[in-house]
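Read through the structure below, which is laid out as structure tokens, and then see the notes.
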Amino acid sequence: MSPAKRADRRVTLQDVADRVGITAAACSMALRDSDRISPATKAQVRAVAAEIGYVGSSAARALRRQRAGAVALIVPTTSKHVFGHSYFMHVLSGVTSVANEHDTQVLIATNADEARGLTAYERVMRSHSADGAILTSAAIEDETVGRLLASGLPLVLIGNFPQLADAITVGVDDRTASRQATEHLIVAHGRRRLLHLTGPLDHQTGVDRRDGFRDAVAAHGIEAEAVALEGDFSEESGRRLAEGDWFDGIVAANDDMAFGALTALRGRGRDVPGDVALIGFDDFGLSRVTTPAISTVAVPAEEMAAVATGRLLELIDGRTGGWSRRQMDVTFRYRASCGCA
């Protein structure tokens, strides 16, 4: 890149990555001295960065020994969605518990600013108001996640992101857990005509839990009698999708939809678990207080968030040599709704 061209616009991390022939995320890790990048590549990246005049915003702040003293919790959705679902309150609790121990503030960025074309990601990057970020519930095709990774801002993702090989993530094995929950209805309770209420299929969680259901019914030779219908994790979608009398078991991708299905079944006079065995996913509180109590898969959302925050603070301190993929264990809570009184 010529000096004249550099004067026209700010040199970006992508410019460095293009010159070296690696991804922007790998380039960022090289500049952070990550153990995952070879010494030769690190040297090449630094040489190119110096040659074309790149100085990342996070690198510049580190050179000035300045810190914001805050981390951002980014949820790319509306605040109504965030505070209307128990999952996000568990995540917030986990993040703040660790941040408070380190005298660090937590900033919450939730909604897109469509008027200015800015997302929560980009506001955090541009404002320099946080030393790092935790991201949860991003859609599979959300291109701004890649830009956030490439920005050089320390970042930990909560959830599974198989398409982002360079990301640091903490999550659970949704696919295996969904398969085991489905097999419980098949093996322990003899259910053969199963309905799965999926989460939104533009999110990896929805895809993985649906695929686990499909794995189970295929393994037991009952896929011809199994149906998966897409929901959105809301109680209303569970109520709407649980229509019909053909099924004898429901596997819902979260407890809100399971409760919606339970309400719909009761309204039509169908007994749970006598006529329909029911199981949900998450165990964030609702499933324990219904009648009957809802069988579910307990996800350690608060613990995942705490682990993610601890790892993020390590990255901010320059300790890049730790784990990059952490998988937490789930627990199965079999209660009355599936027949395990």
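Just so you know, the Cα atoms of the stretch 213-341 work out to an Rg and Dmax of 18.0, 60 Å. Restricting the calculation to alpha carbons of the stretch 140-265 gives Rg and Dmax of 16.4, 53 angstrom. Taken over the C-alpha atoms, the chain has Rg and Dmax values of 22.9, 76 angstrom.
With respect to the chain, whose longest principal axis is taken over its alpha-carbon atoms, helix 204-219 is tilted by about 40°.
In the context of the full set of protein chains, the chain has a per residue accessible area of 45 Å² (1.4 Å probe).
Accessible surface of the chain, 1.4 Å probe: 49 percent of it comes from carbon and sulfur atoms. Enclosing the Cα atoms of the stretch 124-190 in their convex hull gives a volume equal to 98 cubic angstrom per residue.
Computed from the Kirkwood radius of its Cα pairs, the Stokes-Einstein diffusion coefficient for the stretch 289-341 at 37 °C and 0.692 mPa s stands at 242 µm²/s.
For the stretch 254-323, the average shadow cast by the Cα convex hull is 5.6 nm², which is a quarter of the hull's surface.
The values are calculated or read from the model by the stated rules, or taken from the named source; none is laboratory data. Note that the structure is a prediction, hence the values are computed from the model and not measured. In case anyone asks, the SASA skips ligands and DNA or RNA and just uses the protein heavy atoms, side chains included. Shrake-Rupley method; radii C 1.70, N 1.55, O 1.52, S 1.80 Å.
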